[in-house]
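Participant: I'd like to ask some things about the structure below.
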Amino acid sequence: MSILHYLHLPEQGDFHNLIFLVDNIQEQKETNTDEILQEPGEEESESEIGNNNNNNAINNNNHDPFYDKVKLLDVLRNMDVDPHSIDNSTWSQVPTWKSITEVWGKEPRIYGLEESCSKFRNEIPAHKRHIAVGGIFSTGTNLMAQLLQHNCGIPERIEWIGNRNKGHGMEWQVPWGKHNPFRYRGNHSVKEFLRDKRDPKLEDYLPVVTIRDPYDWMKSMCKHSYTLRWDHTRGDVGQECPSMVDEKTGKIRKITAKFGADSLNRIPFNNSLVGVWNTFYGEYFHKIYGDVPVLVIRFEDIIFFSKEITKTICECAGGKLLGPLSIYSDKEASVGDFHYVVGSAVVGKGHGPVDNHRNGIVDSWIKYSKPRSQQKEKFSSTDLGFIQKVIDRNMTNFFDYQVF
């Protein structure tokens, strides 16, 4: 459940007023660009902005709560949600679009887009194609899968199967298992793949792998480590976590993980927690196990560019956005042409306690828009130094993840 579950839907007249409001804001944006681009507190340092609870979200224009938030207003309108039903104290925390693009850029960053799409379409007949999601723990895999299942479909495959609900071709996990490393491709198969009577091949699946800012991901692992095990204290980032190096001995703490593909054994990784991030994504990024078509997408882009990135992935495999489709895992219908996942997309055993506000759209925009300099806060100097020394700079540079 997210904050949006508690909203009252607008009456018809209110909804038309919302449309007028968004159009009016857009008109102001087009006719008075200089005023819109001028941010209050622009001369403040990045740390001062962070300390003031993301002052980029605090607007001018007589403190209009919707100032420079047209994109989010459009999302809410698509969901038939009245923005006035969200209190002003919450709106004051919502970032302006300018501040979001300053943090994450003006468009998604996708690895493999140029070489993988044409290769996949040329080699795999349209009716046989699948798009399947993978990624390490806590990187938005379920969210990405639901966005694809709700909105994308491969027309030739739908015609071949006979209906969109079963024939859209969007799979919630790759054949070797959602959280399993790429090394298990061809060595392990999930039951959905094995039981498919249409005899699919591994090559029929375009993997879409989610990646997350390494500092933010490590913070998440400190709170809930899933199957990762190393000598640390669970909780917030600090002296005791991630604690990748023993400060007394200088030795790197050993870390292991257990994956569904090899549930009887624990797999060791080099260079502690940051080494897990390096290794998991390096197997795709550096093509260690073969030149296979693959897309690697930022978790942050799923949050702020939901429609754009879903459309790009869909079209990569020859699919189209076909309008919202109600599926079992998220039945909240959209009134617009795109279904945004409202509630928490992290469900099921093993995902930790579910907060009422976790992964709701408004809450996510607030949470993941903070200045990236805040990512390093509370990490020990030893951990920060170790990250600088061993993190894969080729990947952080490509995805525009800062190293502190």
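Participant: Could you calculate the FRET efficiency of ARG229 with ASP64 from 1/(1 + (r/R0)^6), where r is the beta carbon distance between them and R0 is 60 Å, rounded to 0.05?
Facilitator: That pair, ARG229 with ASP64, gives E of 0.75.
Participant: Would segment 55-209 count as rounded, prolate or oblate if I go by the C-alpha gyration tensor, calling it rounded below 1.5 in a/c and otherwise prolate when a/b exceeds b/c, oblate otherwise?
Facilitator: prolate
Participant: Using θ = phi - 60° and the Karplus form 6.51 cos²θ - 1.76 cosθ + 1.60, what ³J(HN,Hα) does each residue of segment 131-136 get, whole Hz, x for Gly and Pro?
Facilitator: 10, 10, 9, x, x, 6
Participant: How much length is gained on full extension from THR249 to SER92, taking 0.36 nm per residue of separation minus their Cα-Cα distance?
Facilitator: Full extension from THR249 to SER92 adds 51.8 nm.
Participant: Given the pairs LYS128/LYS166; LYS106/LYS376; LYS106/LYS389; LYS69/LYS367, which are separated by over 18 angstrom at their Cα positions?
Facilitator: Pairs exceeding the cut-off: LYS106/LYS376; LYS106/LYS389.
Participant: Find how many whole Å separate the alpha carbon centroid of segment 244-284 from the alpha carbon centroid of segment 359-389.
Facilitator: Here the answer is 21 Å between Cα centres.
Participant: Sticking with this structure for a sec: Given points 7 Å out from each Cα along the Cα-Cβ axis, report the LYS191 to LEU384 separation in nanometres with one decimal.
Facilitator: 4.8 nm
Participant: Give me the dipole magnitude in Debye, nearest 20, for segment 191-328 about the Cα centre, with unit charges on the beta carbon: positive for Lys and Arg, negative for Asp and Glu.
Facilitator: 380 debye
Participant: Count charges around THR312 for me, please; just the other residues with Cβ under 13 Å from its Cβ, Lys/Arg as +1, Asp/Glu as -1.
Facilitator: Charge balance in the 13 Å sphere: 0.
Participant: Within the set LYS223/LYS258; LYS119/LYS311; LYS71/LYS370, which residue pairs have Cα atoms separated by over 21 Å?
Facilitator: From LYS223/LYS258; LYS119/LYS311; LYS71/LYS370, over 21 Å: none.
Participant: Could you please put GLU156, GLU107, GLU171, GLU283 in sequence from largest to smallest accessible area, using a 1.4 Å probe?
Facilitator: Result of the area sort, largest leading: GLU107, GLU156, GLU171, GLU283.
Participant: Still on this structure, please answer the following. Can you compute the modelled spin-label distance between LYS320 and SER373, with each label point 7 Å from Cα toward Cβ, in nm?
Facilitator: 4.8 nm
Participant: Sticking with this structure for a sec: Could you sort LEU194, LEU202, LEU295 by accessible area so the largest value comes first, with the probe set to 1.4 Å?
Facilitator: I get LEU194, LEU202, LEU295, largest accessible area first.
Participant: Could you order LYS178, LYS191, LYS254, LYS71 by accessible surface area, starting with the largest, using a probe radius of 1.4 Å?
Facilitator: My answer, sorted largest first, is LYS254, LYS191, LYS71, LYS178.
Participant: When Lys and Arg each count +1 and Asp and Glu each count -1, what net charge do the other residues less than 11 Å away from TYR368, Cβ to Cβ, add up to?
Facilitator: In short, 0.
The values are calculated or read from the model by the stated rules, or taken from the named source; none is laboratory data. Predicted model only: the values in this text are computed from it and were never measured. Cβ sites come from the backbone with ideal geometry, for glycine too, and all protein chains shown count toward neighbours. Only protein heavy atoms, including side chains, enter the accessible area calculation; ligands, DNA and RNA are left aside. Shrake-Rupley method; radii C 1.70, N 1.55, O 1.52, S 1.80 Å.
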